[in-house]
1. Out of the residues in region 28-46 meeting the condition of being out of contact with any Phe, Trp or Tyr (no Cβ under 8 Å at 6 or more places or on another chain) and aliphatic (A, V, I, L, M), tell me which one is farthest from Gly159 (Cα to Cα).
2. Scan region 116-124 and give yes if some residue there is touching a His at 6+ places or on another chain (Cβ under 6 Å) and of a type in the set (A, V, I, L, M), otherwise no.
3. Filter region 75-100 for residues that are in a strand (DSSP E or B) and among the aliphatic types (A, V, I, L, M) and give the result.
4. Can you tell me which residue in region 101-116 is surrounded by the fewest Cβ atoms within 10 Å (Cβ to Cβ), limited to those that are assigned to a strand (DSSP E or B) and among the small types (Gly, Ala, Ser)?
5. If Ala119 meets every condition in (1) under 18 Å from Arg29 (Cβ atoms); (2) surrounded by fewer than 16 Cβ atoms within 10 Å (Cβ to Cβ) apart from one, which number is that one?
6. State all residues of region 128-168 that are assigned to a strand (DSSP E or B) and hydroxyl-bearing (Ser, Thr, Tyr); if no residue qualifies, say none.
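What follows draws every value from the coordinates through simple rules; no lab data is involved. Note that the coordinates shown come from a computational prediction; the quantities given were computed from them, not determined experimentally. Quick reminder, even Gly has a Cβ in these numbers, built from the backbone with ideal geometry, and neighbours come from all protein chains shown.
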Amino acid sequence: MERTGWNSASMAPGNGIQTLESDHVLTDRRRIVGMATPVRTLSQTKVWPGQRPGHDVTLSRRIIVLHSLDPDFDGAQALEVDCSECLAGTGAHRGHNVNTHARGDKTFVAYQGITRTVATERGPGQTLLEGIWWCTGGTGRFSGITGQGTYRGQLTPAGPACTFEGEYELSGAGRELAR
């Protein structure tokens, strides 16, 4: 538990800290931990620019489901658009998710990270993913959401499967709707 500055108010019941900010807007900061599981790939285009062997650029659109102990995010369905550029299985990726929650409200998340393929004792290499994510907005009860965190995972035949963690904060009208 941490109280900072003259403007702290009280501990939130359950999973967050409430603070009274200097402009008198009540905020609710929450920790989130979970998993993102691929459901299906809607479309994927892979191109080889031709400058070097093993250089590819991939644009993908997928459906992913979030699993979390946080009831606001558990079961949310994400529409993900991802672009990766790799040379011999190692490179960068970035993308955007539109997460649709149980009540129909949405959160918008951007992310970027590193993709790398590592050798395994048997079979083909394993493609690992890691990076950072951040909230870019939301609707309804998630209006005004801010937050950021990290993710780590691997590419599976169904798509990327990751664990994620971080913090997010609901403030203003979005927090009032979350009650």
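1. Taking region 28-46 first, the residues out of contact with any Phe, Trp or Tyr (no Cβ under 8 Å at 6 or more places or on another chain) are 28, 31, 37-46.
Now narrow it down to the ones that are aliphatic (A, V, I, L, M): 39, 42.
Numbers: Val39: 8, Leu42: 11 Å.
It comes out as Leu42.
2. Narrowing region 116-124 to residues touching a His at 6+ places or on another chain (Cβ under 6 Å): none.
For region 116-124, residues touching a His at 6+ places or on another chain (Cβ under 6 Å) and of a type in the set (A, V, I, L, M): absent.
3. Residues of region 75-100 in a strand (DSSP E or B): 77-87, 90-100.
Those that are in a strand (DSSP E or B) and among the aliphatic types (A, V, I, L, M): Ala78, Leu79, Val81, Leu87, Ala92, Val98.
4. Taking the candidates together, the pick is Ala110.
5. (1)
6. Taking region 128-168 and keeping what is assigned to a strand (DSSP E or B), we get 128-138, 146-156, 159-168.
Residues satisfying the conditions are Thr136, Thr146, Thr150, Tyr151, Thr156, Thr163, Tyr168.
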